[in-house]
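No value in this document is a laboratory result; all are computed from the given coordinates. Only a predicted model underlies this, so the values are computations on that prediction, with no experimental measurement involved. Positions of Cβ are generated from backbone atoms using ideal geometry, with glycine treated the same way; all protein chains shown enter the neighbour counts.
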Amino acid sequence: MTNLTKRTFTGIGIVVLIIFSAVISQYAFASLFLVITIMGLWEFYSLLEKADIRPNKVLGIIAGTFLFVSNALIGLGLAPMQILLINFLFIFFVFLLELYRDIPNPFTNVAFTFFGLLYVAVPFALLNYLPNPGFQGDMYQSNILLGFFFLVWVNESGAYLVGSAIGKHKLFERVSPRKTWEGTSGGGILCLITSYVISIYFVELSMLNWLIVGGLVVIFSTYGDLFESMFKRSIKAKDSGRILPGHGGILDRFDGVIMAVPFVFVYLFWVAW
């Protein structure tokens, strides 16, 4: 089986799983991304260990899990905002437990433990708010969530296909030698067209807001890809993991989502809602 075939089947499986969970209920979606968050944190910290960096993997995963769960409970309307304050305690637990680990470079270890939470757990936690970015009571609008993922997928797939077909001019060769301006432009155009089509059927947001969300996805999901490539190069890793055939790891597959979702959430919360 070729890598493209593996990539295609894996991609279809991920798409179906996310759509299915989002349509069924917010509980199903939150449960799925809780698992993805834990796997992503394990993958991130394991990569660092290969580069002789020793983050507190166990505490980082526990803290990231609670960070996701606390935000999911708020998004589900099952807990008050005050539950988020408990997350601050984990910050100081990282400091305290590092005293007892007695391994080299303690402040580097602390910094990268926090980096995993910021890079992996926070963006996935924010996904819990996309179906109700205005915090308007008991509301779950799966179309906003689905629309966001459709735009990310179209942008990434379009960039890959157009870049493979006609890509010549390198976008950011130092970080990602295979990414081209042609591919990025092609993915961006397809994403904006998709934004317009989505606005016809998903009327929870206006056409203008969907187009702006599409623009944010084009810009920041592309930067997410570049940032993850820079991270892997810095630790001399080809892929973030091997759990997803044809794609690599969790971070390889969700790098665009990770960088795009904070900007989309902030826009929807402050401007569109």
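Quick check, is residue 132 part of a loop (DSSP other than H, G, I, E, B), buried (at least 19 other Cβ atoms within 10 Å of the Cβ), of a type in the set (S, T, N, Q) and in contact (Cβ under 8 Å) with a residue 24 or more places away in the chain?
Values: part of a loop (DSSP other than H, G, I, E, B): yes; buried (at least 19 other Cβ atoms within 10 Å of the Cβ): yes; of a type in the set (S, T, N, Q): yes; in contact (Cβ under 8 Å) with a residue 24 or more places away in the chain: yes.
For residue 132, the condition - part of a loop (DSSP other than H, G, I, E, B), buried (at least 19 other Cβ atoms within 10 Å of the Cβ), of a type in the set (S, T, N, Q) and in contact (Cβ under 8 Å) with a residue 24 or more places away in the chain - is met.
Within segment 197-221, which residues are outside any loop (DSSP other than H, G, I, E, B) and polar (S, T, N, Q)? Write out each step before concluding.
Of all residues in segment 197-221, those outside any loop (DSSP other than H, G, I, E, B) come to 197-201, 207-221.
Residues satisfying the conditions are 199, 209, 221.
Say whether the condition of being exposed (fewer than 15 other Cβ atoms within 10 Å of the Cβ), more than 18 Å from residue 209 (Cα to Cα) and aliphatic (A, V, I, L, M) is met by at least one residue in segment 108-122.
Step one: list which residues in segment 108-122 are exposed (fewer than 15 other Cβ atoms within 10 Å of the Cβ), which gives 108, 111, 118.
Among the residues that remain, those that are also more than 18 Å from residue 209 (Cα to Cα) are: 108, 111, 118.
Okay, now just the ones that are also aliphatic (A, V, I, L, M), so 111, 118.
Yes, there is a match, as at least one residue in segment 108-122 is exposed (fewer than 15 other Cβ atoms within 10 Å of the Cβ), more than 18 Å from residue 209 (Cα to Cα) and aliphatic (A, V, I, L, M).
Being of a type in the set (Val, Ile, Thr) and closer than 23 Å to residue 251 by Cβ narrows it down to one of 219, 189, so name that one.
Details: 189 fails: closer than 23 Å to residue 251 by Cβ.
That would be 219, the only listed residue that is of a type in the set (Val, Ile, Thr) and closer than 23 Å to residue 251 by Cβ.
Looking only at segment 94-109, count how many residues are over 8 Å from residue 56 (Cβ atoms) and of a type in the set (A, V, I, L, M).
Within segment 94-109, the subset over 8 Å from residue 56 (Cβ atoms) is 95-96, 99-100, 102-108.
Right, trim to of a type in the set (A, V, I, L, M) and you get 96, 99, 103.
Total satisfying the criteria: 3.
Quick one: would you say residue 31 is of a type in the set (Ser, Thr, Tyr), over 15 Å from the mean Cα position of the chain (by Cα), farther than 17 Å from residue 249 by Cβ and part of a helix (DSSP H, G or I)? Break it down stepwise before answering.
Values: of a type in the set (Ser, Thr, Tyr): yes; over 15 Å from the mean Cα position of the chain (by Cα): yes; farther than 17 Å from residue 249 by Cβ: yes; part of a helix (DSSP H, G or I): yes.
Against the criterion (of a type in the set (Ser, Thr, Tyr), over 15 Å from the mean Cα position of the chain (by Cα), farther than 17 Å from residue 249 by Cβ and part of a helix (DSSP H, G or I)), residue 31 qualifies.
Could you grab me the full set of residues in segment 205-227 that are more than 21 Å from residue 186 (Cα to Cα) and surrounded by 21 or more Cβ atoms within 10 Å (Cβ to Cβ)?
Result: 205, single match.
Within segment 75-90, how many residues are touching a residue at least 24 places away in the same chain (Cβ under 8 Å), at negative phi and out of contact with any Leu (no Cβ under 7 Å at 6 or more places or on another chain)?
Initially, segment 75-90 is screened for residues touching a residue at least 24 places away in the same chain (Cβ under 8 Å), giving 75-77, 87, 90.
Checking the rest, the ones that are also at negative phi come to 75-76, 87, 90.
Narrowing further to those that are out of contact with any Leu (no Cβ under 7 Å at 6 or more places or on another chain): 75-76, 90.
Total satisfying the criteria: 3.
Residue 181: of a type outside the set (A, V, I, L, M) and over 19 Å from the mean Cα position of the chain (by Cα), yes or no? Lay out the reasoning, then the answer.
Details: of a type outside the set (A, V, I, L, M): yes; over 19 Å from the mean Cα position of the chain (by Cα): yes.
Criteria met by residue 181.
In segment 42-69, what residues are assigned to a helix (DSSP H, G or I) and small (Gly, Ala, Ser)? Spell out how you get there, then give the answer.
Of the residues in segment 42-69, the ones assigned to a helix (DSSP H, G or I) are 42-50, 57-69.
Correct list: 46, 60, 63, 64.
Being β-branched (Val, Ile, Thr) and either surrounded by 18 or more Cβ atoms within 10 Å (Cβ to Cβ) or at positive phi (or both) is the filter here, so list the residues in segment 176-189 that pass it.
Keep residues of segment 176-189 that are β-branched (Val, Ile, Thr), which gives 180, 184, 189.
Scanning segment 176-189 gives 180, 184.
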